[in-house]
Structure formats: structure tokens, C-alpha cells
Amino acid sequence: MTNPDDERTPLIAAAIPAATAPSAASGSRPYGAATLHPDDDTRETMSSFVVNNVAGESGRKLPQYIAGLAASGGALAAGTFLGWTSPAEIPLVQKQEYGFPISTEDFSWIGSMANLGAALMCFPIGILMKMIGRKWAMLTMVLPLLLGWLLIIFANNVAMLMVGRFFLGIGGGAFCIAAPTYTAEIAQSSIRGTLGTFFQLLVTIGILFVYGVGAAVNVQVLSIICGVIPLVFGLIFFFMPESPHYFIEKNREDDASKSLKWLRGNRYDERAEIEELKAEDAKIREDKITFVQGFKQRATIRALIISLGLMFFQQLSGINAVIFYTTTIFDDANTGLEATAATIIVGVIQVVATLLATFIVDKTGRRILLMISDFFMAVSTILLAVYFQLKEDDASQVANLGWLPVLAVCLFIAMFSIGFGPIPWLMVGELFANNVKAYVSPLAGVFNWLLAFLVTKVFTNLRDALGIAGVFWLFSGLSLLGTVFVFFIVPETKGITLAEIQRMLSGEKVRRSSGHSNPAMEDDEKPETR
């Protein structure tokens, strides 16, 4: 064990030196108690990254932010291949920059193949995380990302581009499962939401990066630059700690202790948290269930309904159609604005809005952000539908309305980015119990990526069948339906622990300090048991 000075938990600057938190379930002295030596007082109280919230949670937050950002570096790599199709479409299809013909139908397959690769990887990554850990599972995904970019860089036919995109999807899809799981497990509950939004933030930064670079270089050079990003991620994330949950699963208590010390600071008294993790792991082993049994648990069923519903309305809002075909939308709109400049503007808005979400998700709550997000996405797609409907009827009616589709797309991207972009993935990491997470979380990922494939692949077909106005009318109706779904079905998980979320989903009443209610859960909550 460490010496007593090392075990003292830092307190907030305004804390009374001898303050004592509630005692831990086990251990000889109170969890969080501290008796500061005079020489230590100044050093302790000057730590600007240390907090002690109302629940007695303490420890340094900065290392958790660093680890969360590092893990989300894989999202940056995912963002580059998601955004790649927008600057690549015109050079490859119209200008034949690669020296061989690519039809519009070919490019729709090239754009959507990444989604199939991502869907395929969702189950294997869950198994891999159990076998070799969350950290090494993510590091392994650098290989398919590199292979994918190499195939695209040296492509001399459509098949190589499609296979390259497929491998990029394998790597990116794995990160969509592994990174939220890792960040949910390393974070304390007071910042779990913020860390959970890092993934979507880095995705949007990756998309913006591709938009910006793609405006200045050809597709091959752009692909080479994108191929460097997975290598940089691997070099940085290699130095991050493994999830303490994984170490406890493998009966490596000393390693779990070191991981928590890294994440919470050397002065953090990790013993109570270790005991909590051990008790949780023991319960999981005791309650070990099969794939079929997992679907008989009430909490699992509710979590699955919520997760699949959020993924459904995320993708059917039309986000991938907007991202993948931003350039086409602006070309069709005849805005007078350079299409490349328009996509960069959209990318900047996406980054800024997602960054805003990281600051407010743990203050405002998940549920209200989801409702605001979906409602205003519906408004945005209604505006797009009206514009293109008027244009189809009589183009002269919109001669002076070139600003309208720009405004609508910018509003859509901003609203998606503060709610339905980051929060569904965040909640997948929160909602499922550890004894079913490996079985069920990948289902949400597979469902999401298959829907993304469907929307991306059939967008051009829908546009031909319904007209672009009809497509956006469809997206707007689905977004309004999603708002209703969130209001009646989705609970608020802000400020409660993962264990309490499971109790809530099982029907128990959970006392929350934030005062946020859970209308979606109140109809059948049982009195809280002690």
C-alpha cells in the first residue's frame, strides 16, 4: 500500500481541511477523509483541477479529460473517412481524377461501403475488448484504417476504392463501440457526459479537416494526409491507461489501482472505488447470463428499446445524406456560394455546436438536448423541403432565396451536433449493464451503421423517386416523430451512476441531486429500497 500522505484525497480549495466524507463500505478509514499537514495545505488547495462534489466524489479531473480525448482520437480518423466523400465526389465522378471512370451509382456504393464495414465490426470489437482490453482493442483498429487508406491512395479501379472504404468502416465502426465504452468506464459520473461527447466532437473535427484540406489538394494527397491520422492516434493512445473495469474483470487489482491513480491523481484514495468495482464484477459473475437470458431482463429490454430508437432517429434524420452530399445540395440550391466554401462553413458550425454540447450536456441533461435537437432538425428539413418544392414548381420563385438552404443546412448541422450527434453514442455506453454490454451494445452499433448504409445508398434513389423536396419532407416527419419518442421513452441519466441507471431501468426509483425528473420512467417506478 502507499503511505498515508499519498492516500489523502485532495479537497476543493474552499474545503475545510479536516472535513470528512461518508465512510466507505470497506476500509479502516473514511473514504475521502483528510488531515492536511500545514506544509501540504497550500499545495492541496491550489490544485485547480480537483473538485469534491456533493456526492463525495473527488479526484483530479484533468487526467480523465486527457485519456478521454486520446481515446476519441479514433473518432478523428472516423470523421476523415465520413467527410471524404464530399470533397472527393466531383473530382472522381466528373473530372475522373484517378484516371478511370466512376459513375454516380459507383460512387454511391463507394460512399456507403464504409457503413457496411462498420456494421460488420460491431460484434467482434465487443469480443476483442473482453479478450485483450479496451485499450489494445482500439489500438488494433489502426491496422484496418491504414489498409483502407492505402487501398484508396493507390486505387486503379472502383473495386479498390470500395474495398478500401470497407476497411475504413471496420476501423471507424469499432471505435464507435470501444471509445464510448472506454470513456464511460474511466470517467467519474460528474464528467461522464462531457467525456462521452468528445467522440462526436472529434468526428466533427475530422469532417471539417477533410473539408478544409480537400479544398486545397487533390483526392490522392488528401487520402495520404488522412492516412497519417490513425498513426498519430496510435502513438498518443499507447501511453493512456487501460480501463480499471477491464483489470477488475481479469482479477488484476493492482493494475486497476494503478489505472485509477493515473486517472484520478496520485493522492486519490482509490480503495473504495476498487471495492465498488470488485463488488460489481462479483455480481456480474454471479449473475452471468447467456445471450438469450440477457433479453429477458427488464433493464436490458428497456435499454435496448431506448438505444435502438435513438439510433433510428439519429440516422433517419438524414444526417449522413446531408454530410455525404453537402456539396451536391449546395450545387442544386444555386446559392451563388462556392460549394467548397459552403461545406467548410457547415463543418465549422458542426465543430462549434458539438464543442458547446461538451460543456452543457452534464449541466442541461441528455433528454432536453435530444428534444431540442430533433425538433429543430425537423424545422431545418422542412425549410429545405419548402425551398426545393418551390424550386421544382417554378425556379424563379427562389431566385432571391439562395440563402435559405444555407441557413437550413447550418441550423440542421448545429442542432444535430448538440444533441442527436453525440448523445445516442454516449447513452449506449451508459444504459447497458456490464453483464450484457458485450452482447447488446454492438446491436445498437450494427443497427446504426446499417441504417447509415441504407440512407447513404438510397438517398440518390429516393431523390430520383420523390424529388429532393420529398426526401426532406420524409426526414422532417421522422424527426418530429423522434421528438415524441424522446419525450415519452428516453430517461434522464445526468448525474447518476451506472449502477443507479440499471436500478432505474429495472423500475426502481432513483434519488437524484440534480432535481431532473424522468417522466419516461415514472409510470411504474417502485419505492426506493434500502
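The values are calculated or read from the model by the stated rules, or taken from the named source; none is laboratory data. Note that the structure is a prediction, hence the values are computed from the model and not measured. Note that each Cβ is placed from the backbone with ideal geometry, even for glycine, and that neighbours are counted across all protein chains shown. When the accessible area is computed, the model is the full protein with side chains, heavy atoms only, and any ligands, DNA or RNA have been set aside. Shrake-Rupley method; radii C 1.70, N 1.55, O 1.52, S 1.80 Å.
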Q: From 371, 427, 415, grab the single residue that is within 15 Å of the chain's Cα centre (by Cα) and not in a loop (DSSP other than H, G, I, E, B).
A: 427
Q. In the stretch 478-488, what residues are open to solvent by 10 Å² or more (accessible area, probe 1.4 Å) and touching a residue at least 12 places away in the same chain (Cβ under 8 Å)?
A. 478, 480, 481, 483, 485, 487, 488
Q | Which listed residue is open to solvent by less than 10 Å² (accessible area, probe 1.4 Å), in contact with a Cys (Cβ under 7 Å, 6 or more places away or on another chain) and not β-branched (Val, Ile, Thr), from 422, 491, 442 | A | 442
(Q) Based on this model, can you work out whether residue 82 counts as part of a helix (DSSP H, G or I), more than 13 Å from residue 174 (Cβ to Cβ) and touching a residue at least 40 places away in the same chain (Cβ under 8 Å)? (A) yes
Q: Could you list, in sequence order, all residues of the stretch 187-227 that are outside any helix (DSSP H, G or I), open to solvent by 20 Å² or more (accessible area, probe 1.4 Å) and out of contact with any helix residue (DSSP H, G or I) (no Cβ under 6 Å at 6 or more places or on another chain)?
A: 189, 190, 216, 217, 218
Q. For the stretch 448-475, how many residues meet the condition of being modelled with pLDDT of 90 or more, crowded, with 22+ Cβ neighbours inside 10 Å and not aromatic (Phe, Trp, Tyr)?
A. 0
Q) Could you say whether any residue in the stretch 245-252 is farther than 30 Å from residue 368 by Cα, open to solvent by 70 Å² or more (accessible area, probe 1.4 Å) and of a type in the set (Phe, Trp, Tyr)? A) no
Q: Any chance you could count how many residues in the stretch 41-79 are modelled with pLDDT under 85, assigned to a helix (DSSP H, G or I) and surrounded by fewer than 16 Cβ atoms within 10 Å (Cβ to Cβ)?
A: 3
(Q) Would you confirm whether or not the stretch 338-349 contains a residue that is open to solvent by 50 Å² or more (accessible area, probe 1.4 Å), part of a helix (DSSP H, G or I), within 19 Å of residue 193 (Cα to Cα) and not hydroxyl-bearing (Ser, Thr, Tyr)? (A) no
Q.
If I ask for residues that are open to solvent by 70 Å² or more (accessible area, probe 1.4 Å), without any contact (Cβ under 8 Å) to a residue 24 or more places away in the chain and among the hydrophobic types (A, V, I, L, M, F, W, C), which ones from the stretch 369-406 would you list?
A. 399
Q.
Residues that are closer than 19 Å to residue 191 by Cβ: list the helices (runs of 4 or more DSSP H) wholly contained in the stretch 228-296 that include at least 3 such residues.
A. 253-264, 271-286
Q: Would you point out the residue of the stretch 97-116, among those that are among the β-branched types (Val, Ile, Thr) and farther than 15 Å from residue 83 by Cβ, that is modelled with the lowest pLDDT?
A: 104
